[in-house]
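Have a look at the structure below, then the notes.
Values in this text are rule-based calculations from the coordinates and carry no lab data. Given the structure is predicted, the values throughout are model-derived calculations rather than measurements. Positions of Cβ are generated from backbone atoms using ideal geometry, with glycine treated the same way; all protein chains shown enter the neighbour counts.
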Amino acid sequence: MEKLIVEGGIPLHGEVRISGAKNAALPLMAATLLTPGRHTLRNAPDLRDTRTFIRLMENLGVKSERNGDVLILDSTHLNSTEAPYNLVKTMRASVLVLGPLLARFGRAKVSMPGGCAIGARPINFHIMGLERLGVICNLEGGYVDAHIDGRMQGNVIYFDIPSVTGTENLLMAAVLADGTTVLRNAAREPEIGNLIDMLNMMGGRIDGRDTDKLTIHGVKELNPADCTIIPDRIETGTYLIAIAATGGSGKVTGCNPAHLPALLEKLRSAGLVIDETEDSISISWPARLQETPILGSVDIKTMPFPGYPTDLQAQYMALMTLGSDICVITETIFENRFMHVAELQRMGAKIRVDGHSAVVSGRGMRGLSGAPVMATDLRASSSLVIAGLAASGRTDISRIYHLERGYENLVEKLTGLGARVWKEQE
């Protein structure tokens, strides 16, 4: 097993290009199950999660080809409608095959999903919505065994809480249903907009993009797609925070600033200079602070889009350990998403957890020191990388397979910004 070595204290400078979004790639890959043919996905990231999802698709009978960042999936000859436990257990997004398999074949058997240990992520919204469309769902032996005779029937479905994967699964299920389906209080994340664009490109009729009311007019058939995956907003935010934490300056390219309104506002409030173009974000310190940066401490509360994203909470916490005062970080999405706190404390961070909030007492821009730490989930692991980059001395980060689930070419990209990072065997 490999670990990541970070020698900190070096300001990051330069440009880094963002890869395609993992959280957009997975539902778009699932959507190729809806209709036979060769589907082309451009800007597809090569990650542990996308490779796992490809293995799941191949288990269903999909043929895959990759040429750089172009992924071709041929779903013509599917020979199974079951997603087994051994492929689903490591990645919650595997449940996304449920909706398209039901829409195309009227049956699906999918193992209950796994993923990072950041809290309960039930699929009750998926089940509720499918049952509203006429699907019979049985939960037994750790599987969702679902079927319907004929086509699904359009209906009105209300989410008590916006669910990203729930919205995506029901979009894919309803696009081939009879009649019209309305999703109310639907999630509005940019990744959902990417899926809607693909489904409409395939011949679907979905209205309400970027709103919490999605109207799906069912169609009889779809066509293969040629679609581009949006940039990864979480990777974008991670590099912006890393540059800020080291007192550096840089430019993140190939991204979409409109996908990160809350983070950019918080970084500006903390004292950083943010300049945006259509596909890039530059970050730097004011001229008066370039020699001795002073970071303001700014509270956040995670919320569904367009609020502050939960997937950037851990990274932001690492940044706030370097602040000049006290800030409160409140997590409203996942109940176990403070597991990185203990590891940051090993590096000298002053953090007190109180229920769903963490009180961070900033120690200044040079307040952390390197230490051996262990990653607990995908985003927690990136917070430890940021802390290690900002700290004095060496940080050894174990269990970096979490990082490889969501960050493409992390070592190469950080090295390109001037960081001293490398991998070693444990």
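Ordering MET201, MET152, MET112 from the fewest to the most neighbouring beta carbons within 10 Å gives MET201, MET112, MET152.
Loop only by DSSP, 11 or fewer other Cβ within 10 Å of the Cβ. Give me the GluC sites (Glu not before Pro) in the range 214-275 that pass, ordered by residue number.
Answer by residue number: GLU221.
Summing Cβ point charges (Lys, Arg +1; Asp, Glu -1) relative to the Cα centre of the chain gives a dipole of roughly 400 debye. Note: relative contact order over the chain, using C-alpha pairs below 8 Å and six or more positions apart, is 22 percent.
What do you get when you divide the Cα radius of gyration of the chain by 2.2 N^0.38 Å, with N the number of residues? Show your work: numbers first, answer last.
Working: Rg = 21.7 Å, N = 426, 2.2 N^0.38 = 22.0 Å.
Rg over 2.2 N^0.38 Å, computed on Cα atoms: 0.99.
For the range 22-228, the relative contact order works out to 21 percent when only alpha carbon pairs closer than 8 Å and six or more residues apart are counted. Dipole check for the range 22-228: with +1 at the C-beta of Lys and Arg, -1 at the C-beta of Asp and Glu, and the Cα centre as origin, the magnitude is about 160 Debye. Annotation: the antiparallel percentage among DSSP beta bridges lying fully within the chain is about 75. For the range 319-387 versus the range 188-260, the inter-centroid distance based on Cα atoms is 28 Å.
With the biggest extent put first, the Cα atoms of the range 22-228 measure 41, 37, 33 Å across the principal axes.
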